Structures are given as C-alpha cells and as structure tokens.
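Colleague: Sending over a structure as structure tokens; questions will come in a sec.
The values are calculated or read from the model by the stated rules, or taken from the named source; none is laboratory data. As the structure is a prediction and not an experimental result, all values here were calculated from the model. Using ideal geometry, Cβ is built from the backbone for each residue, glycine included, and neighbour counts are taken over all protein chains shown. Side chains included, ligands, DNA and RNA excluded: accessible areas come from the protein's heavy atoms. Shrake-Rupley method; radii C 1.70, N 1.55, O 1.52, S 1.80 Å.
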Amino acid sequence: MSAKQNFINGAWTAGSEVGQNINPSNTAEVVGEYARADAAQVSQAIAAAKAASASWRYSSPQARFDALDAIGTEILARKAELGELLSREEGKTLPEGIGEAGRAGQVFKFFAGEALRIVGDKLDSVRPGIDVEITREALGVIGIITPWNFPIAIPAWKIAPALAFGNCVVIKPADLVPGCGWALADIISRSGLPDGVFNLVMGRGSVVGETILNSADVNGVSFTGSVATGKHVAAVCSARGAKFQLEMGGKNPMVVLDDANLDVAVEACVNGAYFSTGQRCTASSRFIVTAGIHDAFVAAVKARLEGLVVGDALKAGTHIGPVVDQSQLTQDLEYIEIGKKEGATLVCGGEQVSRDTDGFYMTPALFTNTTNAMRINREEIFGPVASVIKVKDYDEALAVANDTEFGLSAGICTTSLKYASDFKRKSQAGMVMVNLPTAGVDYHVPFGGTKGSSYGAREQGSYAAEFYTTVKTAYTLPV
Ligand code: NAD
C-alpha cells in the first residue's frame with residue numbers, strides 16, 4: 001500500500017513518516033496509509049501559500065467561482081464513494097456519511113456564488129467633496145485545523161470561504177481520519193487553482209498544528225476541536241496578533257415540556273443525542289423534561305433506543321455505528337461509571353458490545369434521576385450518552401438549560417408558541433431549535449455558539465466573510 005501524500009505548492013509530497021488509518025467498525029482493516037508532514041514541510045507549505053497570496057488575493061471572482069464550482073460538482077458527483085470512505089474511516093453510518101459528503105459539495109457551490117457577491121459600501125464623507133469606500137480584502141494565508149468527527153464537511157466549510165474571499169490555505173485534517181481531507185485535496189488539486197493557493201499537510205497536532213499556529217506568515221487560524229486545544233490556539237494566536245476563530249465543545253440541552261407532541265420529542269431527542277454515535281458538537285446530551293410528561297418520555301425513549309441497531313457503519317440496517325477509536329470508547333465507558341457513582345440511574349445501554357468484526361461498539365445509554373450538577377451533565381462526553389433532568393416547569397427548564405459553560409445549540413419541544421418564542425429569545429446558545437434535533441443545520445446560514453463553545457466570527461453563510469476578510473476604508477478627493 002503506498003501512502004497518500006501531502007499537497008504542497010502544487011505537488012504531491014511524501015511525508016517524514018506514515019500513519020495508518022484504521023476502520024473503527026473493523027480494526028483489522030487499514031483504510032489507507034497517509035503521510036505525516038514534519039515541521040519543515042509545513043513551513044514550505046506556508047511559504048508557498050504566502051507567495052501565491054500575492055496574486056491570488058487580486059484574482060478575478062470568476063476564477064474563484066470556476067474553481068469552487070468545479071470542486072462542488074465533483075464532490076456531489078462522487079458523494080456515494082466519498083461517503084463510503086467517510087463511514088469507513090470515522091464510523092458514521094453510510095447514509096450519514098453520504099449526507100455529509102453531499103453537504104461538503106453544497107458548501108463549495110454556495111461559496112462559489114459568494115465569490116461573486118463580495119460587497120462593500122460607498123458613503124459621502126462628512127468632509128465636502130470627499131468619497132469614502134469600504135471594501136473587504138483577503139486576510140492572506142489561512143491555517144485550518146479540523147477535528148475527526150466531520151472529516152469532510154468541516155474542512156469544506158473552512159476551505160471554501162477562505163478561497164472564495166481570495167485567501168490561500170494550509171489545512172491540517174485530524175490525524176485520526178486523514179482520508180476525507182486527502183480525497184478533498186485530490187479534488188481541489190484538479191480544480192485549476194494556481195500552485196500554492198491550496199496546501200494539505202497531514203499529521204500530528206503537536207508538529208503540524210503547532211507549526212501552523214506559530215508561523216508569523218499565517219494571518220488567520222480557523223480551528224474546530226476540543227476546548228483544551230482551542231484555548232491553546234487562542235493563546236498562541238493572541239500572543240502573535242493573528243486573527244482566529246474557534247468552534248469547540250457543547251453540552252447541548254433539549255427541553256421537553258408537558259405540552260410537547262411526544263412522538264416529535266422522542267424523535268428529536270433520539271436523533272439529536274445518539275445519531276452519528278453522539279459524536280457531534282451539536283448533540284443533545286441533557287434532556288430537560290417537565291414532570292407531567294417525564295415518565296411517558298423516558299419509557300418511549302427507552303423503547304426507541306432498544307430498537308436501534310448498533311453495528312458496522314457500512315452495513316445496511318445499522319442505525320448507530322461504532323465509536324471512533326479505543327480512547328474515545330474508554331472515555332465514554334468511564335462516564336457511564338461516573339454517572340452511576342454520582343447516583344444516576346442507567347435506564348438502558350452504556351455497554352461495550354461485540355459484533356462480527358472487532359470494532360468500538362457501544363449501546364446508546366440513557367440516564368435518569370440526574371441533576372444538572374453531576375459531571376455527566378456538565379462535561380462533554382462526546383459519545384452515545386444522554387441524561388434526563390426532571391424539572392417542575394418551563395422557568396426551571398430554561399434556567400437549567402442555560403446553566404452550563406457551553407452555548408452551541410439548544411432545543412425545545414413544545415406546542416406552545418409562548419414558550420417557543422421565549423426560549424428562542426432567552427436561550428444562551430448560538431443556535432436554537434424548536435421541535436427539531438439540536439444537531440442538523442443548514443449550510444447557507446451562520447453556524448456557531450456562545451460562551452465556552454465558540455470564539456470569534458461565525459462560520460458559514462454570508463457571515464463567513466467576517467472571519468475571512470479584513471475591512472479597508474479608503475478616502476478619495478477627486479481632483
Ligand atoms: P482536538 O482538539 O483533539 O483536535 C482538533 C484538531 O486540533 C486536530 O486536527 C488535532 O490534531 C489538532 N491539534 C491537537 N493539538 C494541537 C496543537 N497543540 N496545536 C495545533 N493543533 C492541534 O479535537 P478532536 O478530538 O479532533 O474533536 C472533538 C472535539 O471537537 C469535541 O470537543 C467537539 O465538540 C469539537 N467539535 C466542535 C465543533 C463545533 O463546531 N463547535 C464541531 C465538531 C467538533
């Protein structure tokens with residue numbers, strides 16, 4: 001098996017070492033071998049991006065549209081194959097993998113259009129006879145660092161706007177799942193972009209990530225990942241004055257009120273908490289349920305969970321694929337023990353199970369009799385685990401929902417316009433869902449959170465311009 005290479009200054013380049021990409025549904029299967037770049041190669045990629053930036057920042061919007069549109073077209077045409085690769089390396093079910101690949105294609109199509117819609121303002125000066133123009137300019141070189149849980153969609157929603165607004169890119173995908181990042185780079189390499197505009201450097205955070213963060217030639221860093229790494233990104237970038245945006249963890253609440261449609265609530269909760277094996281930053285992990293519907297809700301969720309098939313991500317009929325790797329599985333199982341020790345009742349799931357092939361399989365877990373003070377309700381678990389917190393009324397539900405250091409997504413299931421409207425207004429989250437799962441968003445509108453979940457400008461939609469451009473104000477005295 002020959003290792004897939006890094007893409008630096010328009011050329012495929014071997015790394016200084018090679019890593020194996022393992023299928024979490026079948027650990028005997030090596031999905032592929034992927035080069036790991038060393039610091040010198042990352043510096044070469046950054047230098048190439050800086051050199052290319054001199055002309056790419058002034059490129060025609062048509063050139064940017066053509067490249068991004070071609071990339072989107074190829075991703076959409078190959079979404080079944082890319083989705084299969086995604087499911088094989090990350091463990092999402094095949095329909096989820098294909099859905100995510102399709103989303104990446106849509107994102108490129110959207111930002112192809114955005115390249116044609118870069119707007120500015122023209123105003124009269126307060127001084128007579130002078131014109132004032134406000135324009136958006138590319139930042140320059142963008143360093144992109146992405147997590148393992150959305151291995152094609154997150155790279156897409158950072159690369160596409162970076163290029164659309166005239167930036168050059170150096171991207172480091174997660175070391176655990178480099179396959180989709182590489183496949184995306186392969187498509188991008190054939191899109192007609194000049195050498196150096198787009199660079200892929202795979203490998204470890206401590207080597208590749210650190211070199212990106214610390215380079216004076218990287219003008220902005222777009223990061224998605226854990227809180228701990230995000231805080232480090234913030235410290236390094238602030239110290240050297242680079243622009244940065246962070247998307248990090250969540251502890252997303254889903255409120256279920258007595259007046260909810262029970263079927264809708266159960267579907268939203270089960271989908272939001274457990275699909276994609278609960279490995280979504282927007283996954284619901286706290287079901288905050290009022291007393292009148294509590295027992296019926298718990299019984300219905302339990303019945304639904306017991307009907308879900310945990311298995312090989314690529315097998316037809318699987319509802320929940322494996323956990324991504326051994327260390328994440330160990331962490332998930334540890335939280336099951338922590339919950340029990342804290343006095344929570346494990347209603348179902350939370351067990352490692354075996355299947356035909358060796359993989360990281362775990363049944364979806366539901367806790368009841370929990371309080372919002374318990375660690376299982378305060379710390380991000382990032383697995384198929386959720387808790388029920390019983391509350392007396394809407395006011396208590398809102399207070400509990402907001403009582404968290406995170407603020408990414410929050411949901412409410414209710415048929416009351418009054419409570420839905422109030423929750424939309426008072427929820428301290430960046431995204432609010434009514435009768436819908438906390439996970440699952442559109443690609444043409446902003447994505448991001450508040451409090452400890454996010455920092456900096458929003459991602460996606462037209463709001464992406466805030467991060468990927470800088471604003472210039474020009475004054476002219478026509479003489
Ligand atoms: P992680 O923080 O371990 O890694 C994220 C990326 O940072 C990886 O590419 C990693 O190699 C890199 N990295 C690690 N150390 C680094 C360093 N010292 N310098 C530079 N880069 C470094 O996160 P993960 O485990 O890959 O992803 C899971 C986390 O991501 C969860 O907390 C989840 O909530 C979060 N997430 C957030 C969002 C969001 O939009 N808010 C979306 C998806 C995932």
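Colleague: Hey, Ile154 hits all of (1) of a type in the set (Val, Ile, Thr); (2) within 15 Å of the ligand (Cβ to nearest atom); (3) touching a helix residue (DSSP H, G or I) at 6+ places or on another chain (Cβ under 7 Å); (4) open to solvent by less than 10 Å² (accessible area, probe 1.4 Å) but one; which does it fall short on?
Modeller: (3)
Colleague: Sticking with this one: Just checking, how many residues over the range 276-304 are within 19 Å of Glu379 (Cα to Cα) and of a type in the set (A, V, I, L, M, F, W, C)?
Modeller: 4
Colleague: Quick one: which residue in Arg240, Arg304 is in contact (Cβ under 8 Å) with a residue 24 or more places away in the chain and either on the phi > 0 side of the Ramachandran plot or in the same structural domain as Thr27 (by TED's automatic domain parsing) (or both)?
Modeller: Working: Arg304 fails: either on the phi > 0 side of the Ramachandran plot or in the same structural domain as Thr27 (by TED's automatic domain parsing) (or both).
Checking each option against the conditions leaves just Arg240.
Colleague: Let me ask you something else. Could you please tell me which pairs satisfy a Cβ distance under 7 Å, a separation of 6+ or placement on different chains, a first residue in the range 326-353 that is at negative phi and in the same structural domain as Phe297 (by TED's automatic domain parsing), and a second residue that is in a helix (DSSP H, G or I) and among the charged types (D, E, K, R)?
Modeller: What qualifies is Ile338/Arg375; Glu342/Arg375; Leu346/Lys340; Val347/Lys302; Cys348/Lys302; Cys348/Glu306.
Colleague: Another question, if that's okay. Are there any pairs, at least 6 apart or on different chains, whose C-beta atoms fall under 8 Å, with the first in the range 383-397 and charged (D, E, K, R) and the second not in a loop (DSSP other than H, G, I, E, B), and if so, which?
Modeller: Here the result reads Lys390/Val289; Lys390/Thr290; Lys390/Ala291; Lys390/His294; Lys390/Thr368; Lys392/Thr290; Lys392/Ala291; Asp393/Thr290, each pair linking the range 383-397 to a residue that is not in a loop (DSSP other than H, G, I, E, B).
Colleague: Something else: With the condition being outside the structural domain of Asp263 (by TED's automatic domain parsing) and of a type in the set (Phe, Trp, Tyr), I'd like the helices (runs of 4 or more DSSP H) fully within the range 394-470 carrying at least 1 qualifying residues. Give the derivation first.
Modeller: On the way: elements: 394-402, 417-426, 465-468.
Answer list for the range 394-470: 465-468.
Colleague: Here is a follow-up. With the requirement that a residue be among the small types (Gly, Ala, Ser) and surrounded by fewer than 24 Cβ atoms within 10 Å (Cβ to Cβ), what does the range 73-104 give you? Quick ask: steps written out before the conclusion?
Modeller: Within the range 73-104, the subset among the small types (Gly, Ala, Ser) is 77, 80, 83, 87, 91, 97, 99, 101-102, 104.
Scanning the range 73-104 gives Ala77, Ala80, Gly99, Gly102.
Colleague: Only one of (1) within 16 Å of the ligand (Cβ to nearest atom); (2) buried (at least 24 other Cβ atoms within 10 Å of the Cβ) fails for Asp175. Which number is that?
Modeller: With respect to (1) within 16 Å of the ligand (Cβ to nearest atom); (2) buried (at least 24 other Cβ atoms within 10 Å of the Cβ), Asp175 is out only on (2).
Colleague: What pairs come up if the first residue lies in the range 169-182 and is touching a residue at least 60 places away in the same chain (Cβ under 8 Å), the second is part of a loop (DSSP other than H, G, I, E, B) and more than 12 Å from the ligand (Cβ to nearest atom), and their beta carbons are under 8 Å apart, counting only those six or more places apart or on different chains?
Modeller: Val169/Val197; Cys180/Ile152
Colleague: Within the range 441-479, can you find the residues that are touching a helix residue (DSSP H, G or I) at 6+ places or on another chain (Cβ under 9 Å), open to solvent by 50 Å² or more (accessible area, probe 1.4 Å) and among the polar types (S, T, N, Q)?
Modeller: Ser462
Here's the yes/no breakdown for (1) open to solvent by 10 Å² or more (accessible area, probe 1.4 Å); (2) under 24 Å from the mean Cα position of the chain (by Cα); (3) within 16 Å of the ligand (Cβ to nearest atom):
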| residue | (1), (2), (3) |
| --- | --- |
| Val385 | no, yes, yes |
| Val388 | no, no, no |
| Ala399 | yes, no, no |
| Asp403 | yes, yes, no |
| Thr414 | no, no, no |
| Leu417 | yes, no, no |
| Ser421 | yes, no, no |
| Val432 | yes, yes, yes |
| Pro437 | yes, yes, yes |
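Colleague: Only residues that are more than 20 Å from Thr469 (Cβ to Cβ) and not basic (Lys, Arg): list them for the range 217-232, please.
Modeller: First pass over the range 217-232, keeping only residues more than 20 Å from Thr469 (Cβ to Cβ): 225-232.
Result: Gly225, Ser226, Val227, Ala228, Thr229, Gly230, His232.
Colleague: Hey, can you tell me all the residues within the range 324-359 that are buried (at least 19 other Cβ atoms within 10 Å of the Cβ), part of a helix (DSSP H, G or I) and within 16 Å of the ligand (Cβ to nearest atom)?
Modeller: Gln328, Leu329, Asp332, Tyr335
Colleague: Something else now. Among the residues of the range 47-67, is there at least one that is within 27 Å of Thr135 (Cβ to Cβ), open to solvent by less than 50 Å² (accessible area, probe 1.4 Å) and assigned to a loop (DSSP other than H, G, I, E, B)?
Modeller: First, the residues of the range 47-67 that are within 27 Å of Thr135 (Cβ to Cβ): 48-67.
Cutting the leftovers down to open to solvent by less than 50 Å² (accessible area, probe 1.4 Å) gives us 48-49, 52-53, 56, 59, 63-64, 67.
Next, only the ones that are assigned to a loop (DSSP other than H, G, I, E, B) stay: 59.
Scanning the range 47-67 turns up at least one residue that is within 27 Å of Thr135 (Cβ to Cβ), open to solvent by less than 50 Å² (accessible area, probe 1.4 Å) and assigned to a loop (DSSP other than H, G, I, E, B).
Colleague: Write out, first by first residue and then by second, each pair whose Cβ atoms fall under 6 Å of each other, whose residues are 6+ apart or on separate chains, and whose first residue, in the range 440-454, is farther than 15 Å from Gly250 by Cα while the second is open to solvent by 60 Å² or more (accessible area, probe 1.4 Å) and within 12 Å of the ligand (Cβ to nearest atom).
Modeller: The qualifying pairs are Pro446/Arg458.
Colleague: Follow-up. Out of the range 6-32, which residues are within 24 Å of the chain's Cα centre (by Cα) and open to solvent by less than 40 Å² (accessible area, probe 1.4 Å)? Before the answer, list the steps.
Modeller: Let us first name the residues in the range 6-32 that are within 24 Å of the chain's Cα centre (by Cα), namely 6-7, 19-25, 31-32.
Hits for the range 6-32 are Asn6, Phe7, Gly19, Asn21, Asn23, Pro24, Ser25, Val31, Gly32.
Colleague: Among the residues of the range 185-230, how many are near the ligand (Cβ under 10 Å from one of its atoms) and either over 26 Å from Tyr58 (Cα atoms) or not hydrophobic (A, V, I, L, M, F, W, C) (or both)?
Modeller: Initial filter on the range 185-230 (near the ligand (Cβ under 10 Å from one of its atoms)): 202-214, 221, 223-230.
Those still in the list that are either over 26 Å from Tyr58 (Cα atoms) or not hydrophobic (A, V, I, L, M, F, W, C) (or both) too: 202-211, 214, 224-230.
Residues flagged as near the ligand (Cβ under 10 Å from one of its atoms) and either over 26 Å from Tyr58 (Cα atoms) or not hydrophobic (A, V, I, L, M, F, W, C) (or both) within the range 185-230 amount to 18.
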